[in-house]
Amino acid sequence: DAGVIQSPRHEVTEMGQEVTLRCKPISGHNSLFWYRQTMMRGLELLIYFNNNVPIDDSGMPEDRFSAKMPNASFSTLKIQPSEPRDSAVYFCASSPRGGYNSPLHFGNGTRLTVT
Amino acid sequence: SQELEQSPQSLIVQEGKNLTINCTSSKTLYGLYWYKQKYGEGLIFLMMLQKGGEEKSHEKITAKLDEKKQQSSLHITASQPSHAGIYLCGADGSPHAGNMLTFGGGTRLMVKP
């Protein structure tokens, strides 16, 4: 079991550029979550997919953020255009059932720095 | 929405000492999860508590759930430097499938050798 795989591990970009973060969930897990972690706000849920369908994106900060899950083994989180306040660690997590009493398995995150 | 308050926010203990971290919810707890995070890494799942009064242990870490108080505690016995990191509690938003996990702000633990 390779775990949840995220890429890249680190991303440094200039304000205004497009950023794409990638995630491969654990095989067989039908739910996928994108979280953002900062010192000020802690761990915040951005969006949640179940069976590749976005269930709740109320945590997505604004229209600059978009997420897709074209198939069960791949998801992307895109920021366009990026801003310095988007600097954070972005985590992807997956779970077997995505529901009640179902622990999340996290990737190692992507540390994004927008200058 | 559910909010989780962790205390203390940070903790420095001498190796060998016991410690307790608390997690209090603003709403009913349906499922409570404890995770550990090391700097630069993802969250590692430690334990899940489902029922009031439930207690689980893994090596020197014990977690309890007090449903009435809407609170969970994590206790480490005879702490070691390997226990250092950030401990986060997470909770199910509802007792149904399709819910989302909310997390507390974390407790940063440092163990002095």
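What follows is calculated from the coordinates using simple rules that are stated; it is not laboratory data. Everything numeric here is computed off the predicted structure, so don't read it as measured data. Methodologically, a virtual Cβ is constructed for each residue, glycine included, from the backbone with ideal geometry; neighbour enumeration extends over all protein chains shown.
A compact table of results
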quantity	calculated
Dipole of chain B [Lys/Arg +1, Asp/Glu -1 at C-beta], most positive-end residue of B:G53, B:S7, B:G90	B:S7
Counted charge near A:I5, where neighbours are those whose Cβ lies closer than 10 Å (Asp, Glu -1; Lys, Arg +1)	+2
Average other protein chain Cβ within 10 Å of Cβ, residues B:40-47	6
Relative pair counts by distance (%), Cα atoms of the protein assembly as shown, 10 Å bins	8, 33, 35, 19, 5, 0
Chain A, relative contact order in percent, only Cα pairs under 8 angstrom and at least six apart counted	37
For B:C23, A:C23, order by how many other beta-carbon atoms lie within 10 Å, fewest first	A:C23, B:C23
Listed peptides B:104-113, A:12-21 by packing density, highest first (mean Cβ within 10 Å)	B:104-113, A:12-21
P(r) tail fraction, chain A - alpha-carbon pairs more than 22 Å apart, %	26
Only Lys, Arg (+1) and Asp, Glu (-1) charged, at Cβ; chain B dipole about Cα centre in debye	200
